[in-house]
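Just so you know, all these numbers are worked out from the coordinates, no wet-lab data involved. Since we're looking at a predicted model, the values are computed, not measured.
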Amino acid sequence: MTNPRYCEATHFFLEDIYGPGDFSQRDAQFARIVPALVRLFPSEIVETIAELSELHALSEQLDTSMGRHLGSATLTGQVYGQMWRSVGMPQERGTQVDLIVAVGQALDGYTRKAMLRHSLKIMRRPAHAAGLGSLQTFLERGFDTFRAMRGANEFLAHISERERALAAHLFNGGSLDIDF
């Protein structure tokens, strides 16, 4: 957050990917267009879409499991650590981080293709007319955020390092040092 180069990307992750908002409309729009994307786009983009779908499904599974373990308890850093250990699934947590990095690296590569940004801009009106406005806004914001970083490898390495360290800390009996 304090690094000007990564501040906007951090906000994008916290608000548009990990945020507390309801992304069901955007997710439904994404699910609606996946079959068309598979037919229209090159295999590298289809692979990224598949990884993004896998990441989303895995994240939903892990988040839902965490929510079930919370029950009616008050969420504290200690309770969060206990929920994390109760859910377990260390291999899946590692896969989640691997997918975040893989998708981020792919997106970073796509931002170097000016034609893709131009295509996104051209698709703005048709996307809104087709009821895909939330998805369109997300795609444009993500593209612009990644492009503005001028290379995301350091940012993604930092995320990977911190997420893996946090997972190890929690799996080894630690808790979060934050209030919810």
Inset, instruction - Using only Cα atoms, tell me the angle between helix 77-87 and the longest principal axis of the chain; keep it within 0 to 90° and round to the nearest 10. - result: 80 degrees
Inset, instruction - Compute log10 of I(q)/I(0) for the range 4-171 with the Debye formula, placing one identical point scatterer on every Cα and leaving out solvent, at q = 0.10, 0.11, 0.14 Å⁻¹, to two decimals. - result: -0.43, -0.51, -0.82
Inset, instruction - Specify the angular offset, from 0 to 90 degrees and rounded to the nearest 10, of the alpha carbon long axis of helix 90-110 from the longest principal axis of the alpha carbons in the chain. - result: 30 degrees
Legend entry - Degrees between helix 24-40 axis and first principal axis of the chain (Cα, 0 to 90, nearest 10): 50 degrees
